[in-house]
Amino acid sequence: MKVETYLPLGKTDPGLRAPEKAIDLSTLIDDAKQVEDLGYDTLVVEETKDDPYQFMAIAAVGTTKLKLATSVAMAFPRAPAVTAMSAWSIQRLSKGRFTLGLGSQVRGHIMRRFGMDYHPAGPWMRDYIGAVRAVWHTWQTGEPLNYESERYNLSRPCENSIGIP
C-alpha cells in the first residue's frame, strides 16, 4: 500500500477548507524531510493560494526518495509551455520523482478570477495536455515543436536541455 499526505501534516481534506496551520515556506524543506522520514511514499500539494510548483521544487531539494505530486495544479490560467517548463524543472530537480496533476477549475473562476473565456473542460484539457506533451517531446528529442489543435498552435523552437531522468 502506498501512503501519501498533504502539508501541513494532519490536513485531511485537500482544498476544501483552510488548515488550522498554514504551510510555512521557510520550513518546507524540513517539513518535506519529516514526511519522508515518517515513511510516506508521496507528498501532494494542491493549488489554493500558493504556487504548487514552488512548493514541489523546495520539497525536491530537501528529499531524496519521497515522490512529489500536484493535486491539482490549475492548467488553463497558465500557457501549456509555462506548465511544461515548471514540471520539467521539478522533474529534473527531483531526479524523476515528480507527478504532474492538472485540473480545470470551474467556469466562474475561469471567467471572473482569470478573465478568460470558458470552454468545455474535457476537450480543452485534452488540447492542453497535448500541447504540454509536445513541448516535452521537443526537449527530449530535439525535434521541432509542431502542435496544432483547436486552442493551441505551437511551432516556435523551444530551447532546453535534452534528457530527463
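Would you call Thr83 outside any loop (DSSP other than H, G, I, E, B) and in contact with a Cys (Cβ under 8 Å, 6 or more places away or on another chain)? Spelling it out, it is not the case that Thr83 is outside any loop (DSSP other than H, G, I, E, B) and in contact with a Cys (Cβ under 8 Å, 6 or more places away or on another chain). Return the total of residues in the stretch 122-150 being among the β-branched types (Val, Ile, Thr), buried (at least 16 other Cβ atoms within 10 Å of the Cβ) and under 18 Å from the mean Cα position of the chain (by Cα). Result for the stretch 122-150: 2.
For the stretch 74-121, the candidate set comprises residues that are more than 24 Å from Ala60 (Cα to Cα) and of a type in the set (Ser, Thr, Tyr); within that set, the residue that is nearest to the chain's Cα centre (by Cα) is Ser104.
When Thr64 is tested against (1) modelled with pLDDT of 95 or more; (2) exposed (fewer than 13 other Cβ atoms within 10 Å of the Cβ); (3) assigned to a helix (DSSP H, G or I), exactly one condition is not met: (3). When Glu47 is tested against (1) within 9 Å of the chain's Cα centre (by Cα); (2) in a helix (DSSP H, G or I); (3) under 22 Å from Asp24 (Cβ atoms), exactly one condition is not met: (2).
Just need a number here: residues in the stretch 119-164 that are among the aromatic types (Phe, Trp, Tyr) and modelled with pLDDT under 90. Summing the residues that are among the aromatic types (Phe, Trp, Tyr) and modelled with pLDDT under 90 in the stretch 119-164 gives 0. Only one of the numbered conditions (1) surrounded by 16 or more Cβ atoms within 10 Å (Cβ to Cβ); (2) closer than 28 Å to Gly122 by Cα is not met by Thr48, and that is (1).
Based on what the data block shows, is Ala57 modelled with pLDDT of 95 or more and farther than 30 Å from Val3 by Cβ? Considered against the rule, which asks whether it is modelled with pLDDT of 95 or more and farther than 30 Å from Val3 by Cβ, Ala57 comes out as no.
Which one of these is of a type in the set (Lys, Arg) and in a helix (DSSP H, G or I): Arg112, Arg78? Selected residue: Arg112, the only one of Arg112, Arg78 that is of a type in the set (Lys, Arg) and in a helix (DSSP H, G or I). Residue pairs whose Cβ atoms lie under 6 Å apart, separated by 6 or more positions or on different chains, with the first residue in the stretch 100-112 and free of Cβ contacts under 8 Å to residues at least 40 places away in the same chain and closer than 13 Å to Trp124 by Cβ and the second in a helix (DSSP H, G or I) and among the acidic types (Asp, Glu), do not occur. Regarding the stretch 136-150, can at least one residue be identified that is in a strand (DSSP E or B), without any contact (Cβ under 8 Å) to a residue 60 or more places away in the chain, charged (D, E, K, R) and over 18 Å from Asp51 (Cβ atoms)? Within the stretch 136-150, one or more residues are in a strand (DSSP E or B), without any contact (Cβ under 8 Å) to a residue 60 or more places away in the chain, charged (D, E, K, R) and over 18 Å from Asp51 (Cβ atoms).
The values are calculated or read from the model by the stated rules, or taken from the named source; none is laboratory data. This one's a predicted model, so the numbers in the text were calculated from it and none came from an experiment. Every residue, glycine as well, gets a Cβ built from its backbone with ideal geometry; the counts of neighbours run over all protein chains shown.
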